[in-house]
Amino acid sequence: MRGRAWALIAVVTLAGRGGVAQEPDSAAPPAPPAPPPIALSAPRPQYWLRPAASLLVPGTGQLLAHQDRGAVYLAAELIGLLRYVHLTSQGRGEAGRYRALAFDVARRAFTPTPRDTVFEYYETMERFTASGRYNQAPGPALVPETDPATYNGSVWALARQTYWSDPNTPPDPSTPAYMRAVEFYQAHAVGPDFLWSWSDASLEQGVFREAIRKSDDAYRRAQDQLGLLLANHVLSAIDALISSRLAAAAGRSTTLETTVAPGAALVRVTIEF
């Protein structure tokens, strides 16, 4: 009996270790929960890349997408830049021409060295044959030019009409009306360093006027060319933006063709299936 009892205890012990589940230890800490799975989001398409490239240099956004019309935008940009540089150079050359003509013909007798000034001065030289004298008296007192056919004379006539009750009857020089008229004359008349006269040089004055006209026209067309260059940048950027967004929305290769004509703009979209 004693030998059988020990055998039965050994069998029960082995069975408990191998086949019977053991109860968990209540003192052991619980196992930590499994971390949730990490959701990997798909990269967002960079819609701004191609439009930004086209806005900086027209046509580059289209060329990045292997679209042949990018070369058209780029060629238009290069042609526009060359034309702008040419027109600006032409305007600068004509400006130097009329400035040199003004000094050599109309101003040299009044000042030994050329002095440049604002463009309005040369416009005034177009309209008046002579500037007139600035001061008709040799003394310190200012006596304005009175010939209304000259520029300074017309300024003094306007000052008298503005501040005197009777432009043909001068008030006392100590009165405010007379002093205000003199101040107006000093502010708008041409000083001694900028006097001119086209007398006996009407042909040269005609060439002077033509040079001013050509310079103005060249600068004006250069400004218009800047507007066309800006439009090319914007149109290329919009083209690249619409094309990239349509391609992403359709999930297929998309081609956007734009045609700009006077008074109309045509847009054609092609989606490959």
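The values are calculated or read from the model by the stated rules, or taken from the named source; none is laboratory data. Remember, it's a predicted structure, so these values are computed and weren't measured experimentally. Glycine also receives a Cβ, built like all others from the backbone with ideal geometry; neighbour counts cover every protein chain displayed. Quick note on the areas: whole protein, heavy atoms, side chains included, nothing else; ligands and nucleic acids left out. Shrake-Rupley method; radii C 1.70, N 1.55, O 1.52, S 1.80 Å.
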May I ask for the distance between the Cα centers of region 130-163 and region 167-215, given as a whole number of Å? 7
Sorted peptide list for 49-55, 70-76, criterion being average Cβ within 10 angstrom, highest first: 49-55, 70-76
From phi via Karplus (6.51, -1.76, 1.60), per-residue ³J(HN,Hα) for region 200-210 in Hz, x at Gly/Pro: 6, 9, 5, 5, 5, 5, x, 5, 4, 5, 5
Under 5 Å from the placed amide H of Ala130, counting only residues 5+ away or on other chains, we find Tyr151, Trp198
The percentage of the accessible area of region 104-215 (probe 1.4 Å, all protein chains present) made up of carbon and sulfur atoms, to the nearest whole number, is 54
When the Karplus curve 6.51 cos²θ - 1.76 cosθ + 1.60 is applied with θ = phi - 60°, which whole-Hz ³J(HN,Hα) does each residue of region 217-231 get, with x for Gly and Pro? 5, 5, 5, 5, 5, 5, 5, 4, 5, 4, x, 5, 5, 4, 4
In Hz, Karplus ³J(HN,Hα) per residue of region 86-99 (6.51, -1.76, 1.60; θ = phi - 60°; x = Gly, Pro): 5, 5, 5, 5, 5, x, 5, x, 5, 5, x, 5, 6, 5
With every protein chain kept in place and a 1.4 Å probe, region 115-193 has an accessible area per residue in Å² of 57
Could you list the trypsin sites (Lys or Arg not before Pro) in region 93-193 that lie in coil according to DSSP, counting only those with at most 15 other Cβ atoms within 10 Å of their Cβ? Arg108, Arg115
